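What follows is a set of notes on a single structure, which appears directly below.
The values are calculated or read from the model by the stated rules, or taken from the named source; none is laboratory data. As the structure is a prediction and not an experimental result, all values here were calculated from the model. Note: ideal-geometry Cβ built from the backbone for every residue, glycine included; neighbour counts use all protein chains shown. Only protein heavy atoms, including side chains, enter the accessible area calculation; ligands, DNA and RNA are left aside. Shrake-Rupley method; radii C 1.70, N 1.55, O 1.52, S 1.80 Å.
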Amino acid sequence: MEIASKYNPAEVEEKWYNYWIENKLFHSEPDHREPFTVVIPPPNVTGVLHMGHMLNNTIQDVLVRRARMQGKNACWVPGTDHASIATEAKVVNRLASQGIKKNDLSRDEFLKHAWDWTHEHGGIILEQLKKLGASCDWERTAFTMDETRSESVLKVFCDLHEKGLIYRGVRMVNWDPEALTALSDEEVIHKEVTGKLYYLRYKIEGDPNGAYAVVATTRPETIMGDTAMCIHPDDPKNTHLKGKRVIIPIVGRAIPVIEDDYVDIEFGTGCLKVTPAHDVNDYMLGEKYNLPSIDIFNQDGTLNENGDRYVGMDRFEVRKQIEKDLEEAGLMEKIEPYTNKVGFSERTDAIIEPKLSMQWFLKMDHLAQPALEAVEEGCIRFYPEKYKNTYRHWMENIKDWCISRQLWGGHRIPAFFLPQGGYVVAMTREEALEKALEKVDYPLSIDDLKQDEDVLDTWFSSWLWPISVFDGINHPDNKEIAYYYPTSDLVTAPEIIFFWVARMIMAGYEYRSAPCFRNVYFTGIVRDKLGRKMSKSLGNSPDPIELMEHYGADGVRMGMLLTSPAGNDLPFDESMCEQGRNFNNKIWNAFRLIKGWERDESLPQPEAAKIAIAWFQSKLSETVAELDDLFSKYRLSEALMLLYKLFWDEFSAWYLEMIKPAYQQPIDAETYKVTLHYFDALMRLLHPFMPFITEELWQALYHRKEGESIMTTLQPGQTAVDKNLLADFETLKEVVAAVRTIRLEKNIPHKDELELQVIGQYNNQYDSVIAKVCHLSSLSSASEKQPGAAGFLVGTTEYSIPLAEKMDVEAELQKLKTELTYTEGFLQSVMKKLSNERFVQNAKPEIVEGERKKQADAESKITLLKENIAALEK
């Protein structure tokens, strides 16, 4: 292969991605190998790629590609989620722009528009993931509303209803007045809001003096729904209210005063208005004392016929108006600023309205127990482990899941109501009729059955995802579910630990009696340099596609991974992508350097090259062992940095320097062959992180057959590590660094040869390497340092470079004397510390030891400096 002078990601990326697809290199079928299965957290079908997706899918791809290169049968299943609330909101907005209201359409007409939208915008995000290099098995692409998944969802609903785990009832739910649907507790985001605390006067019925009780509330607009006032039985300041009735301000309706220790005596005046239809806690008091519930809101947050003079007004407009009306009527005691937590819809950001509503619920206690035990006992492991506490707290305090949504888009609840009351649950209308005829004693036709209008919560389909993508609900004994399940790793965000992770674990134990995955890797949140979460609304999120066009997919992947420790937020900085691009260029240029060498079969292998080869083999093996350890702990950021240093520092800066031929000279065949072998190994190690450039260079390294790919080669394995050799080389590097420093300080060009002398006896087995890298004319042992020689210490060994004819003696003397004065001052400060008995006795032993080492180093340096000065003054 011809290799271009510069790396052009645009040319390389599309070429190799198409090659991988054409050769079905991402496709998996059950076989004899160990499976490695990952299911993608399905993004919204009409979504587009954002930075969170980039991070999450890069991590998944790294894990999948590495598993494939460990000889496992890697299967990464892609797919999308129908996202009822988000999709319906987009469709409603589009219809509105065309002058069409949702309510003017029939359900079927609206669903046609919804499917048109899905087909028009769906799948864009999956195409964008291909640009990232995602090695998904695209032939397995699933959609939560495709035929297989839809059948699975309905089957599970019917099964859980049959088991008595799904029930229907009126409960207090979180109502989204914008999306016009109930939400589960997990879909409500609580934010601190600065508002007002209103103190309202409730006159005591029949009191001759017109006395009143004062109630503090943040929601004066709900007084029309009040059905009681509650006081604490032991509150001395409100004893006079016991057994009385009070009159709701403006409304004029009398309500009883009840007593319950739920009331906080310290909050406000100790009097609580009880509005059972619009507050969760009030609802519980209403149940306990058999109070009536008055619902004052329409579904869109306007006031209904129970809203007195405010009928048809929006709830927040009513709040403003009622404040004025109460003040005018002399029924407002006072108003104070007040900060409290308010629930917002996760999807629409509308303020949630607690509302009594007939909904479908799933009992969670039975499902939660095995799912909690699985994580507690380590059958499923969380990375980082801190999320176990979050998970445990939620699971131990779990509430029943409200699974119905008042939408048209989604899986319609398979419940059919009967003409004279009651209902049946069945997969089809025909099956429902059969069940109904067994239940009733009156004539019934299929047209008499009325299916529930509601749909299921989107999460009710995605909680089955690891099972349903292999059709394990409809066909629980099929060979794919038997082979690929349990899946291996899940990569997701901690904010959906309850929505999705916990529920998938529950479904896994309910339907497979096994965990749905072995490991969960929680990513952090991608933030900007100011620490803000990246979002469209803030305008602080770069377009991932533009980033990849600018820096290349490998550059962006690397930029994200270098700053993404598991579970911690990622402070994204575009300069990291630039670092990624620079690393690509470094790899490219190293390859061009090696491939540019001319080989001479007749040349013997130099001694320096033999030593360098032995050293790098040990370094490579040591890195492979460390890499395996980091991957086992899911420390991917550190794993990439380890490989970055291996290539940039050890291979490029040291190994290539040790073995490269002299300018315009050939290299011996053996060293060249081994160097290509090492480059091949480095490409294989880097491939999971940087798939495109590694494929391009691996293909260009040797002649390859059509269909061959680095993807399907094995990762380099561990071999014996010579620890002594590695330790010796660290010493060797210090010697080389010191010689280079002297060249720099004395302004001696690299082309000028130097002489290096070692004072006393030393290990000379690495002389050939030091001589080559330092460009020495000789390296020998000497009994003492020559006058005018520059010296340095490595450990306790003294080195000397004769420089008599190469230096300005006066300038060098001045420099040495300045350094001597500084070092003597430094030694004095260390000695002062060590002569302080309190310091020596009270400081940690390692700190005292550190000071003693500083003393020894300073004393050695002073001796050397004095010798150098004396030599120059002779």
Next item on the list: Tell me which of these Arg704 doesn't satisfy, since it passes every other one: (1) outside any helix (DSSP H, G or I); (2) open to solvent by less than 30 Å² (accessible area, probe 1.4 Å); (3) not aliphatic (A, V, I, L, M).
Entry: (2)
Note to self: I'd like the full set of residues that are in a loop (DSSP other than H, G, I, E, B) and in contact (Cβ under 8 Å) with a residue 24 or more places away in the chain, limited to region 265-283.
What the structure shows: Ile265, Phe267, Gly268, Thr269, Gly270, Thr275, Pro276, Ala277, His278, Asp279
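Report, by residue number, each residue of region 70-99 that is of a type in the set (A, V, I, L, M), open to solvent by less than 20 Å² (accessible area, probe 1.4 Å) and not in a loop (DSSP other than H, G, I, E, B).
Ala74, Val77, Ile85, Val91, Leu95
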Next item on the list: For region 738-778, enumerate the residues that are in a helix (DSSP H, G or I) and exposed (fewer than 12 other Cβ atoms within 10 Å of the Cβ).
Entry: Leu744
Checklist line | Residues (open to solvent by 50 Å² or more (accessible area, probe 1.4 Å) and either farther than 18 Å from Glu336 by Cα or touching a His at 6+ places or on another chain (Cβ under 9 Å) (or both)) located in region 184-206 | finding: Asp185, Ile189, His190, Lys191, Lys203, Glu205, Gly206
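With a cut-off of at least 3 residues that are open to solvent by 10 Å² or more (accessible area, probe 1.4 Å), name the helices (runs of 4 or more DSSP H) lying wholly within region 439-533.
479-484, 503-512
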Margin query: Just checking, does region 717-737 include any residue being at pLDDT below 95, buried (at least 19 other Cβ atoms within 10 Å of the Cβ), assigned to a loop (DSSP other than H, G, I, E, B) and not small (Gly, Ala, Ser)?
Written below: no
Next item on the list: Could you list, in sequence order, all residues of region 40-71 that are of a type in the set (Val, Ile, Thr), at pLDDT 95 or above and in contact with a Ser or Thr (Cβ under 7 Å, 6 or more places away or on another chain)?
Entry: Ile59, Val64
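Within region 823-831, can one find any residue that is modelled with pLDDT under 90 and either outside any loop (DSSP other than H, G, I, E, B) or on the phi > 0 side of the Ramachandran plot (or both)?
Narrowing region 823-831 to residues modelled with pLDDT under 90: none.
Within region 823-831, not a single residue is modelled with pLDDT under 90 and either outside any loop (DSSP other than H, G, I, E, B) or on the phi > 0 side of the Ramachandran plot (or both).
So which of Thr181, Thr222 ends up being open to solvent by less than 20 Å² (accessible area, probe 1.4 Å), more than 25 Å from the chain's Cα centre (by Cα), at pLDDT below 95 and polar (S, T, N, Q)? Before you say what the answer is, go through the steps one by one.
On the way: Thr222 fails: at pLDDT below 95.
Of the residues listed, the single one that is open to solvent by less than 20 Å² (accessible area, probe 1.4 Å), more than 25 Å from the chain's Cα centre (by Cα), at pLDDT below 95 and polar (S, T, N, Q) is Thr181.
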Notebook entry, point to check: Taking interchain pairs and intrachain pairs at least six residues apart, which have beta carbon atoms under 7 angstrom, with the first residue in region 499-515 and over 13 Å from Met364 (Cβ atoms) and the second in a helix (DSSP H, G or I) and of a type in the set (Ser, Thr, Tyr)?
Noted result: Trp500/Ser462
Next item on the list: Please determine, by comparing only the residues of region 383-440 that are under 30 Å from Val91 (Cα atoms), under 32 Å from the mean Cα position of the chain (by Cα) and of a type in the set (A, V, I, L, M), which one is modelled with the highest pLDDT.
Entry: Ile403
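Restricting to region 225-247, name every residue that is open to solvent by less than 20 Å² (accessible area, probe 1.4 Å) and either in contact with a Lys or Arg (Cβ under 7 Å, 6 or more places away or on another chain) or touching a residue at least 40 places away in the same chain (Cβ under 8 Å) (or both). Lay out the reasoning, then the answer.
First, pick out the residues of region 225-247 that are open to solvent by less than 20 Å² (accessible area, probe 1.4 Å): 225-231, 235, 238, 241, 246.
Gly225, Asp226, Thr227, Ala228, Met229, Cys230, Ile231, Val246, listed by residue number.
Kindly establish whether His119 is in contact with a Leu (Cβ under 8 Å, 6 or more places away or on another chain), open to solvent by 50 Å² or more (accessible area, probe 1.4 Å) and assigned to a helix (DSSP H, G or I). Before you say what the answer is, go through the steps one by one.
Values: in contact with a Leu (Cβ under 8 Å, 6 or more places away or on another chain): no; open to solvent by 50 Å² or more (accessible area, probe 1.4 Å): yes; assigned to a helix (DSSP H, G or I): yes.
No.
What about Ser800, is it within 19 Å of Ala870 (Cβ to Cβ), at pLDDT 90 or above, of a type in the set (Ser, Thr, Tyr) and not in a helix (DSSP H, G or I)?
Numbers: within 19 Å of Ala870 (Cβ to Cβ): yes; at pLDDT 90 or above: yes; of a type in the set (Ser, Thr, Tyr): yes; not in a helix (DSSP H, G or I): yes.
When the stated conditions are applied, Ser800 passes them.
Got at least one residue in region 613-632 being in a loop (DSSP other than H, G, I, E, B), touching a residue at least 12 places away in the same chain (Cβ under 8 Å) and out of contact with any His (no Cβ under 9 Å at 6 or more places or on another chain)?
Going residue by residue through region 613-632, those that are in a loop (DSSP other than H, G, I, E, B) are none.
Within region 613-632, not a single residue is in a loop (DSSP other than H, G, I, E, B), touching a residue at least 12 places away in the same chain (Cβ under 8 Å) and out of contact with any His (no Cβ under 9 Å at 6 or more places or on another chain).
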Note to self: Looking at region 260-319 only, could you name the residues that are within 20 Å of Glu353 (Cβ to Cβ), open to solvent by less than 70 Å² (accessible area, probe 1.4 Å) and of a type in the set (D, E, K, R)?
What the structure shows: Lys273, Asp279, Asp282, Asp295, Asp314, Arg315, Arg319
Notebook entry, point to check: Looking at Leu160, is it closer than 30 Å to Ala426 by Cβ, at pLDDT 95 or above, open to solvent by less than 20 Å² (accessible area, probe 1.4 Å) and not in a strand (DSSP E or B)?
Noted result: yes
